[in-house]
Amino acid sequence: MPEHRSLLRRLLDEANARQQTATPSRPVPPVASPIRPEPPASAPIPAPIIPTIPAPGSYKVIASMQTITTTEDRLQAEMALLDLREKTGQTATDFASGSLNRAQFLSLYAHYHEKIDIIERLLARNPDTQAWQSVARPGGTRILRERYEAHVVGYGIYRYEGVAVIIEKGITTKNEAAPLISALAAFREQPEARPMIRQLADKTWVVGVPGKQTASLFVYTFEPAAFQIKTARDLHLNFERANRHALDRGAVQPDQFVFPHRALLETRPINRG
């Protein structure tokens, strides 16, 4: 009986030995402990801001940019001055051509010259100033042109003989007109005679135009421009052409004539200064 047990025990041991040799034993995993959540990661601390030091030579670049800006501004100022000087030259040309009268020329020329003087003074005081721009801004010349434009405020037509008045509208009295008519009579045989221009005691200006049988006097608020004097001459010559028969008959009543002169009063506003 004991042998039987010992034999059985030996067989069991051999069987266990063969099983361990055929299949190696696997380690039993340990029992995991409860998982605790990890603490949240703290935000990274920002790096301190360190002021940058300009690289050598960077100040020279900034100074160069400022120099360029200043140069461009000064060039613009010089161009503005050049433009104003060109306008003064054009004003002189307009006066010479007869499109401006003396008062218009003087007012416009003084206007432009004053701008030039102010800009030059500003730049001499501070070359970097921008104040010149408001001075150079265009404007104001139209008002000056209109303010000093000569307008007709009256006219008169006279026969040479005895200074007979055909029509007188806002003109000087016959006694004041007589010397002018007598002077104009000397040019009655000269169709191309130039009109006479005089300033009267009340500071108005009179233009006398000689014709063959009559003379016309035009009264202006200011000394008229050359083109206005030419217009006055043309009007009077057209008056004599249109009324030739009435003049040959010796007519003096206004209702016997047509008057081109009225166009000046009807188309131009009166400016008494």
Give the span of region 87-158's Cα atoms along each principal axis, as three whole-Å numbers ordered largest to smallest. 65, 20, 14
At 0.36 nm per residue, minus the direct Cα-Cα distance, what do residue 75 and residue 197 gain on full extension? Give it in nm, one decimal, please. 39.3 nm
If you wrap a convex hull around the C-alpha atoms of region 152-267 and split its volume per residue, what is the figure in Å³? 95
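Starting with the highest mean, order 243-251, 212-220 by the number of other Cβ atoms within 10 Å, averaged over the residues of each peptide. Provide the component values of the computation, followed by the final result.
Numbers: 243-251: 13.4, 212-220: 23.2.
Put in order of decreasing packing, that is 212-220, 243-251.
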Dipole-positive endmost among 252, 178, 160 within region 152-267 (Cβ charges, Cα centre): 160
Which residues qualify? For residue 223, with a placed amide H closer than 5 Å and at least 5 residues away or on another chain, they are 103
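Computed from the coordinates by the stated procedures, all read-outs in this text should not be read as laboratory data. Remember, predicted model here, so these are calculated numbers, not experimental data. Don't worry about glycine lacking a Cβ; one is built from the backbone with ideal geometry, like all the others, and counts go over all protein chains shown.
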